[in-house]
Amino acid sequence: MTALREVPRAGRQLLGSISHLKSCQASLRRCASTEAAASRPTIPDIEQESGLTAPIVTREDVQIVAPRKRASQRTHELPHERYRYHPPKYYRGPLHPVQPPPPSDPVARNFTPGPFNLPRLKHTFHSSVASDIMTLTYQHTPPGTPDTPERIRLREWDDSSPYMKNRPKRGPRGNDVLFPLEKDITWRNIPEIKAIHLAMYLPKAKKNRDHIIVGKSVLQTITGVRPEVTTTKASVAQWGIVKGDRSGVKVSLRGNQAYEFMDKVIHLVFPKIKDWKGISGTTGDSTGNISWGFDATTMQYFPEVEANYSLYPSKMISGCRFTLETTAKSDRHARLLCMSLGIPFYGKLVD
Amino acid sequence: MAASSRGGNAASALLRRGQSSICASCRSAQFRPYSANAEAAATAEAHHLKPTEAQPHPPFTASRRAEYRIKSGIILTRAPLLTRNLTPFENAFFFYQKRLNERLVLPFRHTLFYKKDTAADLDWRIKFEERGRIAAKDIGRYYAQGRNAWNDELLVGSTLSDEERIREILLKDAENRVTEDGEEADPDEIVPVERPMDRITEADKTNDVRRLDRKLDRTLYLLVQGSDGKWQFPSEDVPTDEHLHETATRVLESAAGVNMNTWIVGRVPVAHLVTQPEFNEDTSLKQKGEKVFFLKGRIMAGQADLNGNKLGLQDFNWLTKEELKEKLSEDYFHSVRNMMADR
């Protein structure tokens, strides 16, 4: 069959020389590509100016005489389009045809407004800290170096029984938790601030409920987020705590709020602490989260508390635990981020 | 590398210092020395080992090293001191989000922040009334719970979301409106608050490119003018017994003096520039090529001082990325541009 298929081509080659329907000479050919190259296009491929820098519509473009006056005189909301989209009441899973809009969409049921500004610390991070971290942690591998295979941490089955076929691999011996592996830092995974968690333990709240109220108001004042009340997880007779008691408050900040709060802590709170050495070098949960504590006297250095310190019953103000959650996968990288943002560490550094 | 072998290397390095022709980092790396015969043969056909189109990465031989001079340079930068100006779109977007937030949040409880019947409380009440009983300072006359709450979008040409306007409002708001007697202050008694310094400095107005307090929201780079009049980053030859970062530190000191508080970021180069060697007709070397490795430095305080520098430099400038592009040759800028931040 293949031989038969080749026949027309062979024939064309044989007859091609005598055919009068030959294509014209190469020198005389006019190609579209050569002509396009000769005449430069007047319109550039990529738009040079960003559309964000200038408003697209100016006042001169609008024909209305006094738009503000007209808008203020309007007594009713502008008529909607005929179809108004209402997001579904329930999330029915990723495969359902009707999906809820993202929470940044104002029509979404769980719409959360924001962002309201670009945090100062984020400016610093993107303009200088990120590139410095990348330079500091660069590991040169000469071209042609073979990739080192990833260490296999899951244990394989030894296939001594037919039932072991296709079984998922077992976890490590002794500890069933696999800690994240530290990857080399590239432009894709520069450690960043992910979240900040503040928690107060208020054991005295068992006797006097006011401790919870004061703790909540302090945390809400300094973070701007409504705290949650936590309960005791287990009863311990010696400590006089009972399971289910309301015994603390906590709050989590994410995204821009976390950056703003971190900025406040680094530049306003830390410098005011007396005889402060820095953060202990042994802190960290070995997965890139750094924790420390603020004692009761430090809480009054937060500018919001400092402004009206007399408003709080001073004996009821308690310290809090502070956890900085980063996108780093190891304490080493998280500490590098902290140091470049201006947090000193003291003592032995433990990874 | 084990500690013992490291010590051994250091000792052997001391012993063979006289005849050593290998640089420090190559010596510690795994390096297979060529025999003397092979080296002599390779020198004879050195020109064949230039990178060609067919073979862009010719094999590394001992002879090829002789064609290039290894240099180490430093790109000294001053990080931006200010945040950047936001675009009109960003301002309008943030403003709109603030109004949307105002529609959803719980009302502001001023009793949580101001004790009743104190001066601060009275001060807040005066300003609150002036704003038309709106707690938020920067969203204009917008009543989030009112009849016209739906009318939350900015009209074309509105200056409500301007950064400058919001800054003025906050400065006005910071003024104390209560006298020491606990009464509302007269307009002539109000002391205006100290204004923040201008984003545009004296050096910007006079365009003094030698000052460090210009272009506060941009990264500045130290550029020096050599004795031949060419603008470049300070660089010098690397001796065989020095690492790149050691040379870079030395270059900075010999070029711009010691009156600077600097930090060399890491020990790895961030950019490199290769100049190919030139050959005569008879394949002998006419001019050596250059390989310049640039390290990154940050200046925290001080100023460059070229008086009595050892590199014969004439002048220095602190320039932004765009200004560098005009001063440097195209190849030079092309080789260093990727280490530069957007801002």
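The values are calculated or read from the model by the stated rules, or taken from the named source; none is laboratory data. Just so we're clear, the structure is a prediction, and the values are computed from it rather than from any experiment. No Cβ is skipped: glycine too gets one built from the backbone with ideal geometry, and neighbour counts run over all protein chains shown.
Among the residues of the range A:273-320, those identified as within 14 Å of chain B (Cβ to nearest Cβ) and assigned to a loop (DSSP other than H, G, I, E, B) are A:Phe302, A:Asn308, A:Tyr312, A:Pro313.
The residues in the range B:243-266 that are touching a His at 6+ places or on another chain (Cβ under 7 Å) and either among the hydroxyl-bearing types (Ser, Thr, Tyr) or at pLDDT below 95 (or both) can be counted, and the count is 0.
Looking at the range B:163-177, can you tell me whether even one residue there is away from chain A (no Cβ under 14 Å) and assigned to a loop (DSSP other than H, G, I, E, B)? Looking for residues that are away from chain A (no Cβ under 14 Å) and assigned to a loop (DSSP other than H, G, I, E, B), one finds at least one in the range B:163-177, hence yes. Note on the range B:79-96: among residues that are of a type outside the set (Ser, Thr, Tyr), facing chain A (nearest Cβ under 7 Å) and in contact with a Lys or Arg (Cβ under 8 Å, 6 or more places away or on another chain), the one that is farthest from B:Ser161 (Cα to Cα) is B:Ala79. Residue count for the range B:250-269 satisfying the condition of being away from every other protein chain (no Cβ under 14 Å), buried (at least 18 other Cβ atoms within 10 Å of the Cβ) and not small (Gly, Ala, Ser): 3. Residues in the range B:97-129 that are more than 8 Å from chain A (Cβ to nearest Cβ) and of a type in the set (Ser, Thr, Tyr): B:Thr111, B:Thr118.
Every condition in (1) aliphatic (A, V, I, L, M); (2) closer than 24 Å to A:Asn289 by Cα; (3) out of contact with any Asp or Glu (no Cβ under 8 Å at 6 or more places or on another chain) holds for A:Ala237 except the one numbered (2).
Listed by position, the strands (runs of 3 or more DSSP E) contained in the range B:284-340 that have at least 1 residues being crowded, with 18+ Cβ neighbours inside 10 Å and either within 14 Å of chain A (Cβ to nearest Cβ) or on the phi < 0 side of the Ramachandran plot (or both) are B:289-302, B:315-319. Residues that are out of contact with any strand residue (DSSP E or B) (no Cβ under 8 Å at 6 or more places or on another chain) and within 30 Å of B:Ile200 (Cα to Cα) are absent from the range B:118-133. Of the strands (runs of 3 or more DSSP E) lying entirely inside the range B:196-267, those containing at least 1 residues that are among the acidic types (Asp, Glu) are B:235-237. Run down B:Gly132, B:Gly140, B:Gly146, B:Gly157 and say which single residue is within 8 Å of chain A (Cβ to nearest Cβ) and part of a loop (DSSP other than H, G, I, E, B). When all the criteria are applied, what remains is B:Gly157. Of all residues in the range A:126-154, none that is at the interface with another protein chain (Cβ under 9 Å from one of its Cβ atoms) has its Cβ atom under 6 Å from the Cβ atom of a residue that is at pLDDT below 95 and assigned to a helix (DSSP H, G or I), 6 or more apart or on another chain. Checking each residue in the range A:223-241 for being β-branched (Val, Ile, Thr), over 17 Å from B:Leu106 (Cα atoms) and under 34 Å from the mean Cα position of the chain (by Cα) picks out A:Val229, A:Thr230, A:Thr231, A:Thr232. The single condition among (1) under 30 Å from B:Val336 (Cα atoms); (2) modelled with pLDDT under 95; (3) buried (at least 16 other Cβ atoms within 10 Å of the Cβ); (4) not aromatic (Phe, Trp, Tyr) that B:Thr240 does not meet is (3). Restrict the check to the range A:309-321 and report whether at least one residue is surrounded by 14 or more Cβ atoms within 10 Å (Cβ to Cβ), charged (D, E, K, R) and more than 30 Å from B:Asp121 (Cβ to Cβ). So far as the range A:309-321 goes, yes, one or more of its residues are surrounded by 14 or more Cβ atoms within 10 Å (Cβ to Cβ), charged (D, E, K, R) and more than 30 Å from B:Asp121 (Cβ to Cβ).
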